[in-house]
1. Please verify whether segment 190-204 includes one or more residues that are out of contact with any strand residue (DSSP E or B) (no Cβ under 7 Å at 6 or more places or on another chain), of a type in the set (D, E, K, R) and surrounded by 17 or more Cβ atoms within 10 Å (Cβ to Cβ).
2. For a quick check of your reading: which helices (runs of 4 or more DSSP H) sit entirely within segment 110-227 and have at least 2 residues that are closer than 19 Å to residue 13 by Cβ, of a type in the set (D, E, K, R) and more than 14 Å from the chain's Cα centre (by Cα)?
3. Quick one: count up the residues across segment 110-131 that are open to solvent by less than 20 Å² (accessible area, probe 1.4 Å) and acidic (Asp, Glu).
4. Given 30, 77, which one is of a type in the set (Ser, Thr, Tyr) and touching a strand residue (DSSP E or B) at 6+ places or on another chain (Cβ under 9 Å)?
5. Report those strands (runs of 3 or more DSSP E) wholly inside segment 1-78 carrying at least 1 residues which are crowded, with 21+ Cβ neighbours inside 10 Å.
Amino acid sequence: MTINSHPSIIALDGPAASGKSTLGLRLADSLGYLFFDTGIMYRAITWIALQRQLDLRDESTVTELAQTAQIDIRPPSKKDGRACDVVIAEKDVTWEMRDGNVDANVSVVSAYAGVRQALSEQQRRIGLRGRVVMVGRDIGTVVLPEADIKIYLDASAEERAKRRYDEIIARGERSDYDEILRKVIERDHIDSTRAVAPLRPAEDAIIIDSDKMDADQVFDQVLALCK
Ligand code: DC
């Protein structure tokens, strides 16, 4: 712990669509901390690789990209639900990075040891400054094992797929629940069985199962833990 009475480094891990970003953003806002969603970095590398039509099976090419790519994270320029702007070569890719093509390929990119090493180093450097809510899959286990508090936010695959589905429908777009569920299960499998930094709770993490809780209840519980 540091000078103030709140934990300074908050690690927030969990599977895809468990509500980590929503929770992390609210937590960071209410504590006046930096919110850092590390998934953005893996998505950005995947987006660039797809744009350049690199062979994603070529680990050394993708690793070199992760070591050299310039990804800019800026304060949000629009009020359209984004937590920040993600800018690559002066192009705003905030939403493109979340499209189906990136979703389908990001697990492959994030399984490469060299990619993880390059991105984890940057995440760790930023996280060690403190007053940060860092969100990802391996923050409590690998990136910042010394975090003051580690939360692992879980929910069943069905509940997570339903939340994703509801979000898409609320944006007025078409969606298919069964397809989303299939992808959620597939990503869970890749993220939790990869050789390097697999998705799992740290031994000292507090596990929160949000299946029967709404976003407010989860937030209240975690804020209470931080205080
Ligand atoms: O949280 P997200 O869905 O935006 O993450 C995108 C991908 O990046 C996901 O497949 C898991 C991976 N990821 C990771 O391996 N480690 C992190 N710290 C964050 C994300």
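The values are calculated or read from the model by the stated rules, or taken from the named source; none is laboratory data. The shown structure was predicted, so the numbers you read here are calculated from the model rather than taken from an experiment. Here the Cβ is made from the backbone with ideal geometry for all residues, glycine too, and neighbour counts use every protein chain on show. Note: areas computed on protein heavy atoms with side chains; ligands, DNA, RNA excluded. Shrake-Rupley method; radii C 1.70, N 1.55, O 1.52, S 1.80 Å.
1. Yes, segment 190-204 contains a residue that is out of contact with any strand residue (DSSP E or B) (no Cβ under 7 Å at 6 or more places or on another chain), of a type in the set (D, E, K, R) and surrounded by 17 or more Cβ atoms within 10 Å (Cβ to Cβ).
2. It comes to 113-127, 157-170.
3. Summing the residues that are open to solvent by less than 20 Å² (accessible area, probe 1.4 Å) and acidic (Asp, Glu) in segment 110-131 gives 0.
4. 77
5. 9-13, 34-37
Residues are listed down the side, and each one gets a yes or a no for (1) surrounded by fewer than 19 Cβ atoms within 10 Å (Cβ to Cβ); (2) in contact (Cβ under 8 Å) with a residue 24 or more places away in the chain:
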{"residue": "133", "(1), (2)": "no, yes"}
{"residue": "138", "(1), (2)": "no, yes"}
{"residue": "147", "(1), (2)": "no, yes"}
{"residue": "151", "(1), (2)": "no, yes"}
{"residue": "170", "(1), (2)": "yes, no"}
{"residue": "209", "(1), (2)": "yes, yes"}
{"residue": "217", "(1), (2)": "yes, no"}
